[in-house]
Ligand code: NAD
């Protein structure tokens, strides 16, 4: 990408501001986070030496409610990235109209290099440095890349020790036994499926005549493919980090599931984490595809569910899908957005398509704050109307201003944030 993530975020803000004729003072305020914490986290390593890790927490805007956003452990974490991600969280929460603002945090670390004990000490050390600025009524972190329910549990425990009282709503994405919400595991995918159903109504898509390729078979892509297949969609291609499989006639997702569970290999399907090309029937209908090829397959719907920056100016002209459902965060670059727009491809943006995850995180926070415990059925009964309404609001905004859905979501979200800003 030519620009930084934050520059990209700001160019999206400017685009929406122009379309909606945003008040220039509000526009100016929205160009910077409310507050950014940069902390040094000293950790006593197992060999007795102290190593100092750099951590961040960006609190972008809390007009809608407490700052909300994950904590990422990754060597590429940077101030620029954390600021951009916190801005996008503000937009995402406001797109689905939950009472949360935008935040994001991270530590520059490759967590797989740390022992269990080192990881715990680093996670607790990070909270010791930021605890005065977080809390269920202030800023509510959550997991992100390489952070887990176990890490959220340590963080909550450290926070509560420091403040001397219980505050389970300080962090979401906790294990269910530790105050997590039922339904969180599948919430992002389920929210994406609600969005696909609405798109299908608008475009007159019939599931059995609609082909789908899903990049990424993790928490989001795996459940998305499974639920769409249950809806009758023809899942023709799936992939993981090692590559993918394509069968024009459609993949049997029940079989994929069975194989994933068993960690075995059957016919042309993926095995655990690896697609073994050499074991595929040579003359069968199924073939191996790389992740790059998967993106360019002749399908109706493409569902990037893995990494950012997958659809770029280099491959946007080769995308054949008519619809892209962005389940990953940031899979499409701004340059690719322009190309897809000119080619009439409808991109359902991440801030809408994958917002089921943060919405159920917000439900977790609400349950913790109110001392309630909802069933999975209750969680999805609340999630569905919110996703349906948000999709339709963004769709109407897209029609009204004749803009792509991403800009429409930004316009809708910024209107909500601006209405709550006291200036
Ligand atoms: P995950 O770690 O469970 O799964 C990631 C998947 O992507 C794995 O199947 C992995 O093999 C695959 N992958 C890795 N590198 C790849 C590559 N180069 N090409 C193709 N596939 C590759 O992660 P997840 O929770 O499913 O998250 C996926 C995306 O969805 C991320 O962008 C994440 O930010 C976004 N997201 C997740 C949630 C959530 O609730 N988990 C919510 C909102 C957005």
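No value in this document is a laboratory result; all are computed from the given coordinates. Note that the structure is predicted; figures quoted are calculated from it, not measured. We place every Cβ from the backbone using ideal geometry, glycine too, and count neighbours over all the protein chains shown.
By count of other Cβ within 10 Å, fewest leading, how are 417, 39, 394 ordered? Numbers along the way, then the final one.
Details: 417 22, 39 16, 394 27.
Lowest count first: 39, 417, 394.
Packing-wise, with mean Cβ within 10 Å as the measure, how do 26-34, 304-312 rank, highest first?
Details: 26-34: 17.0, 304-312: 21.1.
Answer by packing, highest mean first, reads 304-312, 26-34.
Classify the range 34-170 as rounded, prolate or oblate, taking a ≥ b ≥ c as the square roots of the eigenvalues of its Cα gyration tensor: rounded when a/c is under 1.5, otherwise prolate if a/b is larger than b/c and oblate if not. Mind dumping the intermediate values first?
Numbers: a/c = 2.07, a/b = 1.49, b/c = 1.39.
Note, shape of the range 34-170 comes out prolate.
Compute the semi-axes of the equivalent ellipsoid of the chain, taking the square root of 5 times each eigenvalue of the Cα gyration tensor, and list them largest first in whole Å. Write down the numbers at each step before the final one.
Values: eigenvalues 223, 148, 84 Å².
Equivalent ellipsoid semi-axes, largest first: 33, 27, 20 Å.
If I stretch the segment between residue 422 and residue 292 completely, what's the gain in nm (0.36 nm per residue apart, minus their alpha carbon distance), one decimal? Write down the numbers at each step before the final one.
On the way: separation 130, 0.36 × 130 = 46.80 nm, distance 4.64 nm.
Contour length minus the Cα-Cα distance gives 42.2 nm.
Just rank 362, 286, 93, fewest to most, by other beta-carbon atoms within 10 angstrom. Mind showing how you got there, number by number?
Numbers: 362 25, 286 17, 93 31.
Fewest to most other Cβ atoms nearby, the residues stand as 286, 362, 93.
Under a 10 Å cutoff between Cα atoms, tell me which one of 92, 398, 201 has the largest fluctuation in the Gaussian network model of the chain.
Among 92, 398, 201, the largest GNM mean-square fluctuation belongs to 201.
In which sequence would 121, 184 go, from the one with the fewest C-beta neighbours within 10 Å to the one with the most? If you can, show how the numbers build up before the last one.
Values: 121 19, 184 25.
Going from least to most buried by this count: 121, 184.
Cβ neighbours within 10 Å, averaged per peptide: list 327-335, 97-105 in order, most packed at the top.
Values: 327-335: 22.3, 97-105: 25.4.
Descending packing order for the listed peptides: 97-105, 327-335.
With r as the distance between the Cβ atoms of residue 23 and residue 115 and R0 = 41 Å, compute the FRET efficiency 1/(1 + (r/R0)^6) and round to 0.05.
Details: r = 52 Å, r/R0 = 1.26.
Plugging the Cβ-Cβ distance into 1/(1 + (r/R0)^6) gives 0.20.
If you take every DSSP beta bridge fully contained in the chain, what fraction is antiparallel? Give it as a percent rounded to 5.
Antiparallel bridges: around 50 percent, rounded to the nearest 5.
Can you tell me how the range 1-61 classifies by the Cα gyration tensor, rounded, prolate or oblate, using a/c under 1.5 as the rounded cut? Don't skip to the answer; put the middle values down first.
Values: a/c = 6.55, a/b = 2.77, b/c = 2.37.
Cα axes put the range 1-61 in the prolate bin.
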